[in-house]
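The structure appears right after this line, and notes come after that.
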Amino acid sequence: MAIKLITPFTEENIRKLHTGDMVEITGKLFTARDAVHKYIFDGGKLPVSLENQIVYHCGPVVIKEGGQWVVKAAGPTTSFREEPYQWKLIDDLKLKGVIGKGGMGKKTLEACKTFGCCYFHAVGGAAQVLAEKIIKVNGVYMMEEFGSPEAVWEFEVKDFPVVVTMDSHGKSLHEDIANLSAEALKRFL
Amino acid sequence: MKQFAPSLLELIRRASAELPDDVVRTIETQRQLEVAGSQARYALDIISENIVLAKEKSQPLCQDTGSILFFVKAPLGFDQRLFSETARNAVAKATAKGYLRQNSVEPLTGKNTGNNLGPGFPTFHFEQHEDNRLKDIDVRLILKGGGCENCGAQYSLPNRQIEADRNLEGVKRCILDAVIEAQGKGCAPGILGVCIGGDRATGYVNSKEQLLRQLDDTNPNPKLAQLESDIVRISNELGIGPMGFGGKTTLLGCKIGVLNRLPASYFVSVSYMCWADRRQGVLLDSDGKISSWLY
């Protein structure tokens with residue numbers, strides 16, 4: 001059974017979560033990928049507050065139909081590219097969650113522990129299921145600067161399905177599985 | 001030539017929105033094997049739902065519609081330049097329609113061309129039919145996302161680090177190392193295309209050509225057939241699982257080809273394809289009309 005959570009999060013919500021928890025998120029998500037991470041890391045400001053919110057590593061396909069933004073596809077992108085920058089965004093923007101795929105490294109894990117943040121893993125490639133969970137596009141920021149896939153899209157979501165793979169207690173499912181699988185491989189060589 | 005444009009647009013649409021039947025069947029078989037209530041089952045349930053939804057809505061399975069790779073076999077006298085021009089127009093149109101994401105970036109300026117056109121976008125591999133009696137044009141298309149492309153790996157043997165020598169056992173060690181390195185990052189469960197031999201460029205091209213094979217085919221070389229099935233069996237016992245969440249399904253398939261090598265070189269090139277294995281193909285008649293679908 002999935003745990004249902006509503007944004008904005010509190011530190012208490014986040015500290016209750018552990019790796020392996022299946023979670024469905026309702027509320028807001030803000031997309032952010034390479035250009036935005038670098039921009040904020042270098043001291044850039046966003047025109048919107050992300051305090052207690054979640055950033056989503058996603059470059060969506062969004063097109064305008066009859067004057068309205070329509071999300072055509074919105075799966076996660078590989079998170080590890082943001083590893084040099086993520087810890088600073090968690091700190092500066094006061095993020096409570098990061099959604100992406102593939103997991104992240106030690107700096108991010110440390111920031112999750114220090115500031116009470118979780119890394120949620122969405123199912124990579126499931127662009128249509130995840131797009132269906134986006135019930136509204138509230139707006140878009142930094143479109144001029146970064147272009148559509150790199151812009152910050154503010155989405156309203158309902159029951160957005162993810163798995164906690166890095167929690168606020170210093171545990172990473174990615175590390176665990178990497179160790180277990182490397183150990184298992186020895187049996188076959 | 002006038003039927004080529006709509007046929008290629010339809011090929012792109014279908015490649016982006018619909019997985020080939022052999023892939024759908026394999027995912028379903030594996031989904032049933034995962035324990036109900038597990039993270040692996042959760043992931044494969046979402047994947048299955050996604051496959052149905054993308055087809056129904058005729059929209060991209062994955063938002064990263066990836067590199068656009070055309071593999072074309074044509075009869076003697078076929079106009080490759082005209083075909084390429086028509087295919088480029090179809091790609092631009094497919095991008096405007098949202099079948100493909102704007103995905104072509106100039107490395108030096110960071111500028112996205114906005115229509116998926118530019119040097120290397122799309123990529124064409126042309127061959128002439130070996131049999132001159134064949135008149136149809138065989139056009140296959142792979143859309144390969146960046147997440148899985150980043151998990152590709154090329155090994156030069158011997159490799160001390162993973163104790164791989166210049167033999168099939170060494171090749172096996174390379175491929176399994178690539179699986180361990182990829183973990184869930186390439187959107188597991190994945191499909192591997194592998195080339196033994198060749199040079200650094202031809203090895204990778206051949207590894208991608210292996211991805212044109214159906215998952216349920218059998219390699220005509222019995223040694224390679226054995227290696228392919230060993231790799232899938234062992235990988236699925238490593239516990240990496242869908243998305244790297246843990247579980248029984250790490251690979252859906254492994255396809256291995258061979259090219260001659262230089263005496264001094266021994267490369268093993270591995271291309272990782274995500275579960276969203278977007279491959280489609282058509283036979284076109286000389287007017288460009290689709291006479292059949294290949295997968």
Single match in B:95, B:113 (criterion: farther than 24 Å from residue B:286 by Cβ, β-branched (Val, Ile, Thr) and touching a residue at least 12 places away in the same chain (Cβ under 8 Å)):
B:95
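Please determine, by comparing only the residues of the stretch B:98-129 that are within 14 Å of another protein chain (Cβ to nearest Cβ) and exposed (fewer than 13 other Cβ atoms within 10 Å of the Cβ), which one is farthest from residue B:57 (Cα to Cα).
Within the stretch B:98-129, the subset within 14 Å of another protein chain (Cβ to nearest Cβ) is B:98-107, B:109-116.
Going one step further and asking which of them are exposed (fewer than 13 other Cβ atoms within 10 Å of the Cβ), we end up with B:106-107, B:109-111.
Values: B:106: 31, B:107: 33, B:109: 35, B:110: 32, B:111: 30 Å.
Filtering first and then ranking leaves B:109.
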Test residue B:61 against the criterion of being in contact with a helix residue (DSSP H, G or I) (Cβ under 6 Å, 6 or more places away or on another chain) and either of a type outside the set (Ser, Thr, Tyr) or in a helix (DSSP H, G or I) (or both), and give yes or no.
yes
Check the stretch B:217-233 and report whether any residue there is surrounded by fewer than 21 Cβ atoms within 10 Å (Cβ to Cβ) and assigned to a strand (DSSP E or B).
no
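Look at residue A:167 and say whether it is under 19 Å from the mean Cα position of the chain (by Cα) and surrounded by 21 or more Cβ atoms within 10 Å (Cβ to Cβ). Can you show your working first?
Values: under 19 Å from the mean Cα position of the chain (by Cα): yes; surrounded by 21 or more Cβ atoms within 10 Å (Cβ to Cβ): yes.
In short, yes.
Applying the selection to the stretch A:31-63, what residues are among the small types (Gly, Ala, Ser) and either within 14 Å of chain B (Cβ to nearest Cβ) or part of a strand (DSSP E or B) (or both)? It would help to see each step written out before you state the result.
Start the filter on the stretch A:31-63 by keeping residues that are among the small types (Gly, Ala, Ser), which leaves A:32, A:35, A:43-44, A:49, A:59.
Across the stretch A:31-63, the qualifying residues are A:35, A:59.
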Could you figure out which of (1) assigned to a helix (DSSP H, G or I); (2) touching a Lys or Arg at 6+ places or on another chain (Cβ under 8 Å); (3) of a type outside the set (Ser, Thr, Tyr); (4) at pLDDT 95 or above isn't true of residue B:91?
(2)
Taking the condition of a type outside the set (Asp, Glu), farther than 12 Å from residue A:28 by Cα and not in a helix (DSSP H, G or I), does residue A:168 pass?
yes
Picking from A:72, A:28, A:4, A:107, the residue that is in contact (Cβ under 8 Å) with a residue 12 or more places away in the chain and part of a helix (DSSP H, G or I) would be A:107
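Report yes if some residue within the stretch A:76-84 is away from chain B (no Cβ under 14 Å) and under 12 Å from the mean Cα position of the chain (by Cα); otherwise report no. Steps first, answer last, please.
From the stretch A:76-84, those away from chain B (no Cβ under 14 Å) are A:84; that's our starting set.
Still in the running and under 12 Å from the mean Cα position of the chain (by Cα): none.
Scanning the stretch A:76-84, I find no residue that is away from chain B (no Cβ under 14 Å) and under 12 Å from the mean Cα position of the chain (by Cα), so the answer is no.
With B:81, B:140 as the choices, which residue is more than 26 Å from residue A:60 (Cβ to Cβ), surrounded by fewer than 16 Cβ atoms within 10 Å (Cβ to Cβ) and away from chain A (no Cβ under 13 Å)?
B:81
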Of everything in the stretch A:106-125, what is modelled with pLDDT of 95 or more and over 14 Å from the mean Cα position of the chain (by Cα)? Give them in sequence order.
A:106, A:107, A:110, A:111, A:113, A:114, A:115, A:116
Go through (1) part of a loop (DSSP other than H, G, I, E, B); (2) more than 9 Å from every other protein chain (Cβ to nearest Cβ); (3) acidic (Asp, Glu) and name the single condition residue A:156 misses.
(1)
Collect the residues in the stretch B:147-164 that are exposed (fewer than 14 other Cβ atoms within 10 Å of the Cβ) and within 14 Å of chain A (Cβ to nearest Cβ), keeping them in residue-number order.
B:161, B:163
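The values are calculated or read from the model by the stated rules, or taken from the named source; none is laboratory data. As the structure is a computational prediction, the values presented were derived from the model and not from experiment. Cβ coordinates were reconstructed from backbone atoms using ideal geometry, including for glycine residues, and neighbour counts include every protein chain displayed.
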